[in-house]
Amino acid sequence: MNTQVFRAIDGLKLPAEHRALLRPGESERGSHGNVHHLPRFFYEIASWQEARETRLAPHFKLAELMTVDCREAELLLCEFPHYVPCAIVLLARFLEDFRREVDAPVFVSANGGYRSPAHQIGAKSIHAWGTAADIYRVDDTFLDDIKSIEKYAAIAVSLSPAVLVRPFGSGAGEADDHLHLDLGFLTLTPRQCSETS
Ligand SMILES: [Zn+2]
């Protein structure tokens, strides 16, 4: 991985229109009433080409973890630079561990990696921290039934006590056409950035 291409920035110094969408460092009350601070520090991504060329881990490129569709806020979808929370490098590291354990290619869905707090399906979602992935396929197996989802969920949780997977189902907090896994509300402060406000 070539981290030199990344420029880490303090979200509080972004232009107002970006701050309004990304809400860096703002507190967010989750569906269970717990309050968490949204990511403040981001990597600045200059182009899709850069995202496709940047490996965060041997088998995961940045582009795979930041693909969104038109449900993302238009400014964040259509204009570069794009901003992704710095903790996304830790998600990639975990996915690499998962891939090694299952010994097969792992596919993350569109809207299934980082999506901003302004994304239409991003409200109060841990995906806004860049620490969650929705895996829809492992090797040739599509994760769309209880058997396949529970199989790979068990492997994911065996790798770290920090990992949470959503149970199979169609209710709130459940998933039936992918495996959702996340590392919690993790944020990363690059060493060159200051946390003074
Ligand atoms: Zn998810």
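For this structure, a couple of remarks:
- Selection within region 162-176 - in contact (Cβ under 8 Å) with a residue 24 or more places away in the chain and under 13 Å from A133 (Cα atoms): V163, A175
- Taking region 171-197 as the range and being farther than 22 Å from P39 by Cα and within 16 Å of the chain's Cα centre (by Cα) as the test, the residues that pass are H178, L179.
- Remark: pairs (first residue in region 118-146, open to solvent by 10 Å² or more (accessible area, probe 1.4 Å); second residue of a type in the set (F, W, Y) and within 11 Å of the ligand (Cβ to nearest atom); Cβ separation under 8 Å; 6+ apart in sequence or on different chains) = F142/Y136; D144/Y136.
- Strands (runs of 3 or more DSSP E) wholly inside region 84-197 that include at least 2 residues being at pLDDT 95 or above and away from the ligand (no atom under 11 Å from the Cβ): 106-108, 132-138
- Test result for P117, within 25 Å of C193 (Cβ to Cβ) and not hydrophobic (A, V, I, L, M, F, W, C): yes
- Qualifying residue in region 93-109 (condition: touching a residue at least 40 places away in the same chain (Cβ under 8 Å), among the small types (G, A, S) and touching a Leu at 6+ places or on another chain (Cβ under 8 Å)): no
- Take the conditions (1) within 16 Å of the ligand (Cβ to nearest atom); (2) touching a helix residue (DSSP H, G or I) at 6+ places or on another chain (Cβ under 8 Å); (3) assigned to a loop (DSSP other than H, G, I, E, B); C70 misses just one of them, which is (1).
The values are calculated or read from the model by the stated rules, or taken from the named source; none is laboratory data. This one's a predicted model, so the numbers in the text were calculated from it and none came from an experiment. Every residue, glycine as well, gets a Cβ built from its backbone with ideal geometry; the counts of neighbours run over all protein chains shown. The area values use the complete protein model at the heavy-atom level, side chains included, leaving out ligands, DNA and RNA. Shrake-Rupley method; radii C 1.70, N 1.55, O 1.52, S 1.80 Å.
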